[in-house]
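Rule-based calculations on the coordinates, nothing more; no lab input. All of these numbers come straight from a predicted model, not from anything done at the bench. Heads up, the Cβs are rebuilt from the backbone with ideal geometry, glycines too, and the neighbour counts pull from every protein chain shown.
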Amino acid sequence: MTGSHHRILVVEDDPETAGQLADSLASNGYQVDVAASGGEALSRGIAGGYAVITIDRMLPDIDGIVVMRRLRDGGVAAPILIISALGEVDDRVRGLRAGGDDYLVKPFSFVELLARVEALGRRSDTVVKETVLRVGDLAMDLVSRTASRGGKDIWLLPREFQLLEYLVRNEGRIVSRAMLLQHVWDLHFDPTTNIIEVYVGRVRRKVDGQQAYPLIHTVRGIGYCFRAPR
Amino acid sequence: MLLAKTLTSSTFKLALIAIGTFGLIVSGILGYVYLSTSSYVRGRSDRAIKSECSDLLAANDRIGRDGLAALIKQRIADGNWADHVYLLVDPSLAPLAGNLQAWPSTITTDAGWTEFRVPPSSAGMDQPLIRAMLEGLPNGDRLLVGRDIGDLDSFTRQIKMAVFISVVLIFSLAGVASVLITRRTVGRIESINATSRAIMLSGLDKRIPLRGTRDEWDRVAENLNLMLDRIELLMSEVKQVSDNVAHDLRTPLTRMRGRLEKAYHTQRSGGSDQSLIGDTIADLDAVLRIFASLTRIAQIEAHTRKGAFRKVDLVEIVGKVVELYDAAAEQDGTCLTVAGDRAVFAVGDSDLIFDAIANLVDNAIKHGRAGGDVVVTSEVVDGRPVISIADSGPGIPPDEREQVFKRFYRLEHSRYAPGNGLGLSLVAAVARLHGARIEMLDNSPGLKVKVWFSAPTT
């Protein structure tokens, strides 16, 4: 990884939130710059070199969406995470249409933010077109849509395969439930019940059941992490 | 006070305009009657004078000055010509015959029509008004033939008087009537105004009094009262909701506060701190979720999303929901199945419809019987797309079926099940936005919720 992959621009006008964001990102190995206004965000952002930019939707001078559009117009290709207190789907759609890559509604957990930033940072890496994904003794054939563990086939429904693929692609990173809903089901929806847990539980039984070690780990209160023991 | 309001009211101004127009027309008609009557009467008398005059002229031609004088005397003596005035004078204006003392001094013309007053023959008598025709005779004599038109004059004066009195009467009666009518109108409006002011001052429990006349004012008052009933109901619902919000938020907030307070007064220990913080975060999340649901419902109810409506495939949405809840149903031992037609389309917002159906399926699994069935059907009935969700649980008593759509409403037996009582409110809000009707039926046993969308226009 080059240095730019660790630099993050946080655009946030509330000093305490900005400080918390900067702290939590810094403690995870990122180098964080904070811009407190739209103007500052534009000058810093266009100067470039950021792996990910997070923009608050409501800034004192310029609307976050406008900042984002100007950054894009200025040739900034870094993935942008919009953070907003406006939770309605319309705003989400508007934010994404204006050039945002992901959307997070305030208030959020820092683990969720970190997971999103990691996922976005990875997206800006050159994605290698693989046809087989391997983690530990698990292999996923993306062409034949089959999975096996230790050479033994695992029978998965299409949606279960997609879920496993998303977990495997984010190997070693935390994936939140909202991210699963968004990327596996394409839903912006807040289920009141534990349907995602139950769904992951079913996949887990198929993947980890009667195996030497588990691959799918639960991160309490947040989501899941897929990793093989070292 | 009321009089001032009466005089400034728009009804009164309208009445004045109506009175003015009507009065002018009536005055015109009466004026015409007067003019035509008086000209008819005058014309008759003029014709009589003229024919008498030409009779005398012919007599003069025939029998000469003395004959004419004799004829005039004879006419004067005859009672039939009692109201006639005759005077024949020689060129020096000395009277030759007639019942006038002298040639009237007011006459300036030589021939044609004239009017004059005769000096009274005795004191105290009226000066009769004479209308007369003058003629010059070939021998230089001058003849005056006239009539006392005093009667005619008083007749036309009476007509004039009658016309004037009727016009005045019409105007004043109409004025009084319009004041009375306006006053009545203003009175009704005042009673509505008074009620409005009372409502603004004290509260929504006041109603506009009805007079039981079933007129348009009573109808206005009735409708306003109905509107007030509706507003009062909404207000009480809002109050109910805010009470519920306060309760539902206060409970976790109190728990959090107590927990933090206890932690503040005790020694730090890593393990208990962690569980305290974890519990507090979970409670905070519950609070935030309630907020999010409430704002979402409010946003849906603001109807701003109709712009995003397009044709959506209900079968596809149902499929997605069922797939998402499949694992949850399996865990509960519930058999979740899809049924119905292959192509069912509606017009709407697919995200919101998904939310609504997901909530209904969620409820069906949660409140249905463990090990029972949940069937989600999408079909077209009478051209209308319908989605029904049927479970085999305890159902909802008929008298509570309306209530469950209220915010924070929880059925007695589900009070301690997870959930915040906002799911069906969201369903109701989505249905309202889509103009869809929700029907709750008995699935004996269980509940069947049918969502009737409106037929998509192609």
Looking only at A:Thr218, A:Thr131, A:Thr146, which one moves most when chain A is put into a Gaussian network model with springs between Cα atoms under 10 Å? A:Thr131
In terms of the Cα gyration tensor, with a ≥ b ≥ c the square roots of its eigenvalues, is the range A:3-124 rounded because a/c is under 1.5, prolate because a/b exceeds b/c, or oblate? rounded
Give me, ordered by chain and number, the residues 5 or more places off A:Val52 or on other chains with an amide H under 5 Å from its own placed amide H. A:Leu9
Test of understanding: ordering A:His217, B:His367, B:His434 by Cβ neighbours within 10 Å, fewest first, what list do you get? A:His217, B:His367, B:His434
Taking a straight Cα-to-Cα line shorter than 26 Å from B:Lys13, and setting aside same-chain lysines fewer than 8 residues away, one finds B:Lys5
Taking B:Lys406 as the anchor, which lysines have their alpha carbon closer than 30 Å to its alpha carbon, excluding any fewer than eight residues away along the same chain? A:Lys106, B:Lys206, B:Lys239, B:Lys306, B:Lys311, B:Lys320, B:Lys366, B:Lys448, B:Lys450
